[in-house]
Each structure stands twice: as structure tokens, then as C-alpha cells.
Amino acid sequence: MVHSSQQRSAPEAEPRRHVGTSIDGAPVGSLLLQVTRAHARVGTALLQEAGVASPHEIVLLYLDEHGPVPQTELVHYLGRDRSTVTATLQAMERADLVTRTSSPTDKRATTVVLTDHGRETVPRARAAWAELERRTTSPLSADQKNALLEAMTLIRDALNQS
């Protein structure tokens, strides 16, 4: 019998695994996936609060910065296939965020333009991304943030070369 004054040594517990995808032998990839999913979850919630759907905000911010652009430019920028971008733009048209018209210089091309409502939505989309950035980087020092950016850039570039 162990008396309350005596201390029993507890068996060493295994480190608790994070809830989410964890692949043995791939700790970096597993953690990147967990971070990506958490980032997307928080970002989606912030965008919903702002009244914007993802990836609509990316298109809004791009058009705000670049003005009217050919739809093919958005396909390239978003890194998605043409049909996916077309579906996104159709949804954005229904939400009165953009319009698509035939290009005045090339009748085969479509130009995408922000509507007035789209322009009014841009500040909310930008604010949602700023808040997401704040939440993402708040536990990091300036040096840690810079190191993270450098490491992620190296990883992205290495993966894009393969």
C-alpha cells in the first residue's frame, strides 16, 4: 500500500501526438499539413465574418492591385485549371463581385473586372488576411518570423523544382 506521503513514480508517457494527420517518418510534411489545415480553417472563418468566400478574396485582391485582367492571367496566377477558375468567376459574378466581358482587342479572350460591390468588399478581404497573418505570426519573434519565411521559401522553391 502506498501512503499519501510516499511518491509513486509514474511510468514515462509517450509524447502525445497532435490530433490530425501524422505520418511516421515524415514529421515536417505532417506538421506542414496540420499548419495548412489550421490556417485554412481560421482563414475561412475570418473570411466568412467579412462576408467573403475563399478563393474569391484572392481574385478580389489581385484585381484591386492590377485592374481588369484577362481571365487567362487569373488562371495562371491562381495556379488552377481553367474550369475551376471559370466556376469561381461565375460564382463571383452571381455575388456581384466581378463582371466578365469580351476583350476589346481579342474577341476570344475574356476580361475580368471588379464591380462596385467587389471594390467595396476588398477592404474587408484585406482586413481578414491581415488578421490571419497576425494570428499566424503572433507567437513568433521578428527573427523567428524571418527565419520561417526564409525556410518556407526554400522549401517551396525546392518542391517546385522537382
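The values are calculated or read from the model by the stated rules, or taken from the named source; none is laboratory data. Note that the structure is a prediction, hence the values are computed from the model and not measured. Neighbour counts are summed over all protein chains in view; Cβ atoms, including those assigned to glycine, are modelled from backbone coordinates with ideal geometry. The protein model used for the area step is the full one, side chains on, heavy atoms only, and it has no ligands, DNA or RNA in it. Shrake-Rupley method; radii C 1.70, N 1.55, O 1.52, S 1.80 Å.
Remarks
- Residue among ASP96, ASP64, ASP81 that alone is in contact with a Leu (Cβ under 9 Å, 6 or more places away or on another chain) and acidic (Asp, Glu): ASP64
- Matching entry among PRO55, PRO70 (being open to solvent by less than 80 Å² (accessible area, probe 1.4 Å), in contact with a Ser or Thr (Cβ under 8 Å, 6 or more places away or on another chain), without any contact (Cβ under 8 Å) to a residue 60 or more places away in the chain and under 25 Å from VAL42 (Cα atoms)): PRO55
- Exactly one residue out of ALA128, ALA147 is open to solvent by less than 30 Å² (accessible area, probe 1.4 Å) and either within 30 Å of LEU31 (Cβ to Cβ) or in a loop (DSSP other than H, G, I, E, B) (or both): that is ALA128.
- Index of the failed condition, ASP116 passing every other in (1) open to solvent by less than 60 Å² (accessible area, probe 1.4 Å); (2) at pLDDT 95 or above: (1)
- For beta carbons closer than 9 Å, sequence separation of 6+ or different chains, a first residue in region 137-162 that is closer than 14 Å to VAL35 by Cβ and a second that is aliphatic (A, V, I, L, M) and open to solvent by 90 Å² or more (accessible area, probe 1.4 Å), the qualifying pairs are ILE155/VAL28.
- For region 102-113, the criterion of a residue being at positive phi and open to solvent by less than 80 Å² (accessible area, probe 1.4 Å) is satisfied by no position.
- For region 59-114, the set of residues classified as of a type in the set (Lys, Arg) and either within 21 Å of the chain's Cα centre (by Cα) or closer than 22 Å to GLN48 by Cβ (or both) consists of ARG80, ARG82, ARG94, listed by residue number.
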